[in-house]
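The values are calculated or read from the model by the stated rules, or taken from the named source; none is laboratory data. Given the structure is predicted, the values throughout are model-derived calculations rather than measurements. Don't worry about glycine lacking a Cβ; one is built from the backbone with ideal geometry, like all the others, and counts go over all protein chains shown. When the accessible area is computed, the model is the full protein with side chains, heavy atoms only, and any ligands, DNA or RNA have been set aside. Shrake-Rupley method; radii C 1.70, N 1.55, O 1.52, S 1.80 Å.
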Amino acid sequence: MDLKALLDIALLRACPADEAVRWLVSRRSEAAASPSLMRAENRQQEDTLYSRNDPSVDYALARYGLSEGVAREIHKAGDLATRCTILAYRLGGGFAWFGKTFELAEAAPSTLEELCALATNPTLTDDLYMALLERTPPFDQLDDAGFEMVLVAFSENSRLTTPYDDKLLDGYADYKYHNVFKAAWQLASSMPATPRWASILGHVLGRCIVQSPIDAETIARWRFPVDERDGKDNGYYLRKRLADTWPVDGRLLEHNDPALRASFYERFRPDQIANWWRLADSDPRHFLDAALHNSNLWQTEDTRYSLHRLAWAHPDPHSDMMMPSLYNGMEERMRAVHPSWFAED
């Protein structure tokens, strides 16, 4: 054992629990950039911490620990909440870096709670994410209701919003990484076209990095009877998100589906269309609701003023001031996220 490991053991045997937790967090941060480092870590430091029998330290070991041996002990002795903590936060979720072998117990996690926790872990291998999306082991025993819950949990996973790091050129790794996004988008063509699934997929794909264009037939299968109160149906927001995979051009603008036009309204640049604000007259039920979310229209004082004017001029049959309120809320959000856009005000 090297000197640093010996000094660490002396420290971890005697230090307060909060200092031990900080030590684990710091070491986990160092290993996060290179998960293979966890294989080389000396187990004795974490053995020392585990022998303290301190609940707060045991929780930190479950969440931040690197030692496979200690993780096995915690997983074996822990309750469902402890096991879910390991699955949600451990690098790789307790699975091998190659293949889908669970290394912390003889049986892979199988309860719905465990699989939902695993789905939130942003450090799983691409193979495991593909297993989730394709319902292969360990996700193969999920019924439809369970699969819905796992997908909702997965929608909160930062993996869906994280672009591929292309500093290291590796064509196969690039392919596998993007294949996860592709599999997520393909759910729109394979899941039952029901209002419930439209809501679930809209939630998942709303956070997923856009991939290649979704075909028109797949988008059309999510069209349902329109609610005359707002001109939208239960598949409106999913179709709008699927249309975000298309270029921002006349095909969207002139489409007979208002959800696809809304995708255009949320993404077009003001220099694409002369007098763009007149779209509020030609499509009053859908234009402004979408255009207020278009970041391109918030970047200059002139376009913001046009949005402000349109919001206050919008019909208000229910006297609820919905559009001015939506404008004010979006302005507050944009000022917080992009303060430089408002420097001239």
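What is the residue count in segment 126-137 for residues that are farther than 18 Å from Arg207 by Cα and either hydrophobic (A, V, I, L, M, F, W, C) or open to solvent by less than 20 Å² (accessible area, probe 1.4 Å) (or both)?
As a first pass, look at segment 126-137 and keep what is farther than 18 Å from Arg207 by Cα: 127-128, 131, 134-137.
Filter once more, keeping what is either hydrophobic (A, V, I, L, M, F, W, C) or open to solvent by less than 20 Å² (accessible area, probe 1.4 Å) (or both): 128, 131.
The total comes to 2.
Say whether the condition of being surrounded by fewer than 19 Cβ atoms within 10 Å (Cβ to Cβ) and touching a Phe, Trp or Tyr at 6+ places or on another chain (Cβ under 6 Å) is met by at least one residue in segment 274-293. No: zero hits.
Filtering segment 149-173 to residues that are of a type outside the set (A, V, I, L, M, F, W, C) and in contact (Cβ under 8 Å) with a residue 24 or more places away in the chain leaves Ser155, Glu156, Asn157, Ser158, Arg159, Thr161, Thr162, Pro163.
Answer with yes or no whether Gly99 is free of Cβ contacts under 8 Å to residues at least 40 places away in the same chain, at positive phi, surrounded by fewer than 16 Cβ atoms within 10 Å (Cβ to Cβ) and out of contact with any Gly (no Cβ under 7 Å at 6 or more places or on another chain). Reasoning before the result, please.
Values: free of Cβ contacts under 8 Å to residues at least 40 places away in the same chain: yes; at positive phi: yes; surrounded by fewer than 16 Cβ atoms within 10 Å (Cβ to Cβ): yes; out of contact with any Gly (no Cβ under 7 Å at 6 or more places or on another chain): yes.
Taking the combined requirement at face value, the residue satisfies it.
Within segment 297-322, residues that are closer than 15 Å to Arg335 by Cβ and open to solvent by less than 80 Å² (accessible area, probe 1.4 Å) have Cβ atoms under 7 Å from residues that are part of a helix (DSSP H, G or I) and among the small types (Gly, Ala, Ser) in these pairs: Leu297/Ala291; Leu307/Ala291, counting only partners at least 6 apart in sequence or on another chain. Right, Ser51: under 30 Å from Asn157 (Cβ atoms), surrounded by fewer than 17 Cβ atoms within 10 Å (Cβ to Cβ) and modelled with pLDDT under 95 or not? Here the answer is no, as Ser51 does not meet what is asked. Determine, yes or no, whether Asp345 is open to solvent by 80 Å² or more (accessible area, probe 1.4 Å) and at pLDDT below 95. Criteria met by Asp345.
As a summary of the residue check, Asp166 satisfies the conditions (1) at pLDDT 95 or above; (2) in a loop (DSSP other than H, G, I, E, B) except for the one numbered (1).
Where helices (runs of 4 or more DSSP H) fall wholly inside segment 174-293, the ranges with 1 or more residues that are more than 23 Å from the chain's Cα centre (by Cα) and either under 30 Å from Leu124 (Cα atoms) or free of Cβ contacts under 8 Å to residues at least 12 places away in the same chain (or both) are 216-220, 250-253, 279-282.
Give the residue that is most open to solvent (accessible area, probe 1.4 Å), with candidates limited to residues of segment 12-26 that are out of contact with any Gly (no Cβ under 7 Å at 6 or more places or on another chain) and within 15 Å of Tyr50 (Cβ to Cβ).
Here is the first cut: in segment 12-26, the ones out of contact with any Gly (no Cβ under 7 Å at 6 or more places or on another chain) are 12-23, 25-26.
If we keep only those that are within 15 Å of Tyr50 (Cβ to Cβ) too, we end up with 12-13, 15, 17, 20-21, 23.
Values: Leu12: 0, Arg13: 157, Cys15: 10, Ala17: 25, Ala20: 0, Val21: 39, Trp23: 41 Å².
Among those that are out of contact with any Gly (no Cβ under 7 Å at 6 or more places or on another chain) and within 15 Å of Tyr50 (Cβ to Cβ), it is Arg13.
Can you go through Leu160, Leu169, Leu151 and tell me which one is closer than 23 Å to Gly99 by Cα, open to solvent by 80 Å² or more (accessible area, probe 1.4 Å) and among the hydrophobic types (A, V, I, L, M, F, W, C)?
Details: Leu160 fails: open to solvent by 80 Å² or more (accessible area, probe 1.4 Å); Leu151 fails: open to solvent by 80 Å² or more (accessible area, probe 1.4 Å).
Checking each option against the conditions leaves just Leu169.
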